[in-house]
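**Student:** The structure under discussion is supplied below as structure tokens; questions concerning it will follow.
The values are calculated or read from the model by the stated rules, or taken from the named source; none is laboratory data. Quick caveat: nothing in here was measured; it's all calculated off a predicted structure. Cβ sites come from the backbone with ideal geometry, for glycine too, and all protein chains shown count toward neighbours. Just so you know, the surface numbers come from the protein's heavy atoms only, side chains and all, with ligands and any DNA or RNA stripped out. Shrake-Rupley method; radii C 1.70, N 1.55, O 1.52, S 1.80 Å.
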Amino acid sequence: MIDKGPVLLDITDGIARLRLNRPDAANGMSVELLSALCDAIMACHGRSDLRVVLLSGEGTNFCAGGDVRAFASKGDKLPDYIRQATAYLQNAVTGLLRLEAPVIASVQGFAAGGGGFGLVCASDIVIAAESAKFLAGATRVAMAPDAGVSVTLSRLVGLRRAMSILLTNPVISAAEALQIGIVTRVVPDAELVDASLNLARELAAGAPKALAATKRLVWAGTGTSIEQCLSEEARTVAELSGMADAREGLAAVIERRKPNFRGR
């Protein structure tokens, strides 16, 4: 059990409740959070009694993506910080995909960027509150998708729609996310916790080897391995983060203004 820090983990009756725990920062993904997330996922891998993982975020948001304030504070050292962050994010996504236990994402508020949107796309089942919102967001700050989104999203919604989402960054409502295949089920906000736990209990009571085999076969059947794209995503994001446009994009988000990108 991990009961403090940027990630919380409790495993009871075969259900791992894995919670992002930076509510004051909208669970923004700093290196510290990503490192703790990797540790928690590895702890799940080490449990033979694990039957299902329930992934959620504390506070009003699931995860707003990368911690833009932490990114902006790094200045010229941002590429090094991004390389470290994306390495942890790659390990987290790979860890979730390779878990034999199904992963349920329980989403309230915003799920944005590689951290939020990416973890949603890498989960096996997604339950969203009616007020939940989804945003890819990477190109908005002159970066590129990570967390496997360049593969997972197109598998979920189709190539044309994925390209539009990634290039234009619309804020997607829970209802639309359900319609196009990003989420599995939408419930009233007040019912999110109970609905997610009830599903986790249902899966925990299932045949674990059958569920594990089904999960493995479905992900393997998507074609190109998501893991094969992770290193190229990480290289691309790190390269882009060293450009002036990335610093301008981060500053614009913090200052709540439109960015002025110059292509350099």
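**Student:** Of the residues in the stretch 202-219, how many are under 15 Å from Cys121 (Cα atoms) and open to solvent by 50 Å² or more (accessible area, probe 1.4 Å)?
**Tutor:** Summing the residues that are under 15 Å from Cys121 (Cα atoms) and open to solvent by 50 Å² or more (accessible area, probe 1.4 Å) in the stretch 202-219 gives 2.
**Student:** Just one of the numbered conditions (1) in a loop (DSSP other than H, G, I, E, B); (2) crowded, with 23+ Cβ neighbours inside 10 Å; (3) not charged (D, E, K, R) is not true of Ile82; which one?
**Tutor:** Single failed check for Ile82: (1).
**Student:** Which ranges mark the helices (runs of 4 or more DSSP H) fully within the stretch 171-221 that have 2 or more residues being modelled with pLDDT of 95 or more, farther than 15 Å from Gly14 by Cα and among the aliphatic types (A, V, I, L, M)?
**Tutor:** Of the helices (runs of 4 or more DSSP H) lying wholly inside the stretch 171-221, those with at least 2 residues that are modelled with pLDDT of 95 or more, farther than 15 Å from Gly14 by Cα and among the aliphatic types (A, V, I, L, M) span 174-180, 192-204.
**Student:** OK, next. Would you check which residues across the stretch 222-243 are open to solvent by 30 Å² or more (accessible area, probe 1.4 Å) and either assigned to a helix (DSSP H, G or I) or in contact with a Leu (Cβ under 9 Å, 6 or more places away or on another chain) (or both) and list them?
**Tutor:** The answer is Glu227, Gln228, Ser231, Glu232, Arg235, Thr236, Glu239, Leu240, Gly242.
**Student:** In the list Gly249, Gly263, which residue meets the criterion of being in a loop (DSSP other than H, G, I, E, B) and either open to solvent by less than 70 Å² (accessible area, probe 1.4 Å) or touching a helix residue (DSSP H, G or I) at 6+ places or on another chain (Cβ under 8 Å) (or both)?
**Tutor:** After ruling out the rest, the residue left standing is Gly263.
**Student:** From Leu89, Leu50, Leu96, which residue is part of a loop (DSSP other than H, G, I, E, B) and open to solvent by less than 60 Å² (accessible area, probe 1.4 Å)?
**Tutor:** Testing whether each residue is part of a loop (DSSP other than H, G, I, E, B) and open to solvent by less than 60 Å² (accessible area, probe 1.4 Å) leaves just Leu50.
**Student:** Condition first: open to solvent by 60 Å² or more (accessible area, probe 1.4 Å) and more than 21 Å from Gly116 (Cα to Cα). Can you find one or more residues in the stretch 170-189 that meet it?
**Tutor:** So far as the stretch 170-189 goes, no, none of its residues is open to solvent by 60 Å² or more (accessible area, probe 1.4 Å) and more than 21 Å from Gly116 (Cα to Cα).
**Student:** Sticking with this one: Consider Asn27 carefully, then state whether it is in contact (Cβ under 8 Å) with a residue 24 or more places away in the chain, among the polar types (S, T, N, Q) and open to solvent by less than 10 Å² (accessible area, probe 1.4 Å).
**Tutor:** yes
Yes or no, residue by residue, for (1) open to solvent by less than 20 Å² (accessible area, probe 1.4 Å); (2) within 15 Å of the chain's Cα centre (by Cα); (3) in contact (Cβ under 8 Å) with a residue 60 or more places away in the chain:
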| residue | (1), (2), (3) |
| --- | --- |
| Val31 | yes, yes, no |
| Cys38 | yes, yes, no |
| Gly59 | no, no, no |
| Gly66 | no, yes, no |
| Lys74 | no, no, no |
| Lys77 | no, no, no |
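**Student:** Would you mind finding the one in Val253, Val186 that is in contact (Cβ under 8 Å) with a residue 60 or more places away in the chain and within 20 Å of the chain's Cα centre (by Cα)?
**Tutor:** Exactly one residue qualifies, and that residue is Val253.
**Student:** Sticking with this structure for a sec: Picking from Ala162, Ala212, Ala174, which residue would you name as being within 23 Å of Gly59 (Cα to Cα) and either of a type outside the set (D, E, K, R) or in contact with a strand residue (DSSP E or B) (Cβ under 9 Å, 6 or more places away or on another chain) (or both)?
**Tutor:** Unique residue meeting the criteria: Ala174.
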